[in-house]
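Here is the structure we will look at, set down as structure tokens.
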Amino acid sequence: MNLVEKRRGVVEMDEIVESYKKISIAAVSDALDRLGIHGTCLGISPTNYGYQMVGRAFTVKYLPVAQDKGSVGDYIDEVSTGSVVVLDNAGRLDCTVWGDILTSVAHMKGIAGTLIDGVCRDVSCSLDLKYPIFSRGKYMRTGKDRVDAVAYMVPVSIGDVQVRPGDIIFGSDDGALVIHKERETEVLALAQLIEEKEEGIRQEVMRGTPLKEAREKYGYHQLQSREN
């Protein structure tokens, strides 16, 4: 369940996030393409298959450690239930910014998952807890004394996709993508339409309609074409 924190401790359902959970990541990707929005995170994969991750971004920006040893950050205490932790480590593969302690706390808090432009470790913990992590890979070497958490809840980059606090992060077996907050309603409506049309095609084919005819009926070849 994804919740949005409100003032005075009152929470309410994030209806937009809940709606995205009901559609496929492929339909969302097609909607982004049709609208001319770049949001797909190239090179990012799940550590394990069979889990979906949808929630709003809590962002953390890392830089290489400077003269003074930096902090990997205790930000997890500030992350809201249902959020996705988004860690920008500039794609570094030589040290991690996420491990078993963070996984355990995130799972306990009901955080939706973690997205890393970089690597994670202690994967067995995330597998045991069925906690979704999306990253560029796995590597056991710590980020302590190698990276510095320099900013929280600021715009960050996952590959060549900008992520801002509150953007929706969607991860599945196919990878991960970003839906920018100011376009989320528009993207959702189009993704729902695309999925509806593709389901219509499947139903037509199951009834014996030739695939070419079914695709023409539902305008399949226009579903991903960029709108003018």
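Coordinate-derived values only; no laboratory data. From a predicted model like this one, the values you see are computed outputs, not experimental measurements. For neighbour counting, all protein chains shown are included, and Cβ atoms are generated from backbone atoms with ideal geometry for every residue, glycine included.
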Under 20 Å from residue 52 (Cα atoms) and surrounded by fewer than 24 Cβ atoms within 10 Å (Cβ to Cβ): is that true of residue 95 in this structure? no
Subset of region 52-81, residues of a type outside the set (A, V, I, L, M), over 15 Å from residue 151 (Cα atoms) and surrounded by 19 or more Cβ atoms within 10 Å (Cβ to Cβ), comes to 55, 56
Worksheet item: So is residue 212 touching a Gly at 6+ places or on another chain (Cβ under 7 Å) and surrounded by fewer than 17 Cβ atoms within 10 Å (Cβ to Cβ) or not?
Response: no
Wholly inside region 10-112, helices (runs of 4 or more DSSP H) that include 3 or more residues that are touching an Asp or Glu at 6+ places or on another chain (Cβ under 7 Å) and under 20 Å from residue 140 (Cα atoms) are none
Of those in region 57-71 that are under 25 Å from the mean Cα position of the chain (by Cα) and small (Gly, Ala, Ser), the residue nearest to residue 158 (Cα to Cα) is 57
For residue 131, the lone unmet condition from (1) more than 14 Å from the chain's Cα centre (by Cα); (2) over 21 Å from residue 32 (Cβ atoms); (3) not β-branched (Val, Ile, Thr) is (1)
Has region 128-145 got any residue that is free of Cβ contacts under 8 Å to residues at least 60 places away in the same chain and among the aliphatic types (A, V, I, L, M)? yes
